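What follows is a short report on a single structure.
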Amino acid sequence: MSDEPRLLVVDDDPVICFACRRIFSDRGFEVEESTDAREGLKRATEQEYAGILLDIKMPGIDGIQFLEELRKCKPALPVLIMTGYPSLSTATAAVELGASGYITKPFTPAKVRQAVQDMLSRREQKECT
């Protein structure tokens, strides 16, 4: 098992998954991907991750439903919401469910790296208090 921090990317678009893998693997992260929300939820609840990058609009269960289910067993796991369909209601629901951040697609590598860095920094601050 690797000592690299692990991220899980859950997005039905394999291009986004691939891009995130490239962006974060180059920064020393171990990145796992799931293009199926239900399978991603199973992984998220059964394995340990430093954080999750989660799409909102997916077939089956959407990102908000995913987050609701995740919070039942992993209330403190950092989750960064990624969406190509930003809306105030979605952002509000995500924040109410404890999302650590919210970015819109398309995003630049620098923007998503900064969002993940912020998400993980907040987690470390909470663990220290």
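The values are calculated or read from the model by the stated rules, or taken from the named source; none is laboratory data. Model, not experiment: these values are computed from the prediction. A quick note on method: Cβ atoms are made from the backbone with ideal geometry, for glycine too, and the neighbour counts reach across all protein chains shown.
Some observations on this one:
- Looking only at the range 66-84, residues that are more than 20 Å from residue 122 (Cα to Cα), more than 11 Å from the chain's Cα centre (by Cα) and touching a residue at least 40 places away in the same chain (Cβ under 8 Å) come to 0 in all.
- Every test in (1) over 10 Å from the mean Cα position of the chain (by Cα); (2) modelled with pLDDT of 95 or more; (3) farther than 20 Å from residue 105 by Cα; (4) of a type outside the set (Phe, Trp, Tyr) is passed by residue 61 save one, and that test is (3).
- Candidates 30, 48 - the one that is in contact (Cβ under 8 Å) with a residue 12 or more places away in the chain and in contact with a helix residue (DSSP H, G or I) (Cβ under 9 Å, 6 or more places away or on another chain): 30
- Qualifying residue in the range 82-93 (condition: in contact with a Gly (Cβ under 8 Å, 6 or more places away or on another chain) and closer than 25 Å to residue 28 by Cα): yes
- Meets criteria (surrounded by fewer than 18 Cβ atoms within 10 Å (Cβ to Cβ) and within 18 Å of residue 12 (Cα to Cα)) for residue 55: no
- Residues (farther than 16 Å from residue 51 by Cα and touching a strand residue (DSSP E or B) at 6+ places or on another chain (Cβ under 8 Å)) located in the range 15-29: 16, 18
- Residue pairs meeting the criteria (Cβ under 7 Å; at least 6 apart or on separate chains; first over 18 Å from residue 52 (Cβ atoms) and of a type outside the set (Gly, Ala, Ser), in the range 99-112; second at pLDDT 95 or above and surrounded by 18 or more Cβ atoms within 10 Å (Cβ to Cβ)): 109/23
- Per the listing 19, 99, the residue uniquely crowded, with 17+ Cβ neighbours inside 10 Å, assigned to a helix (DSSP H, G or I) and not acidic (Asp, Glu) is 19.
- Number of the condition not met by residue 6 [criteria: (1) touching a residue at least 12 places away in the same chain (Cβ under 8 Å); (2) out of contact with any Phe, Trp or Tyr (no Cβ under 6 Å at 6 or more places or on another chain)]: (2)
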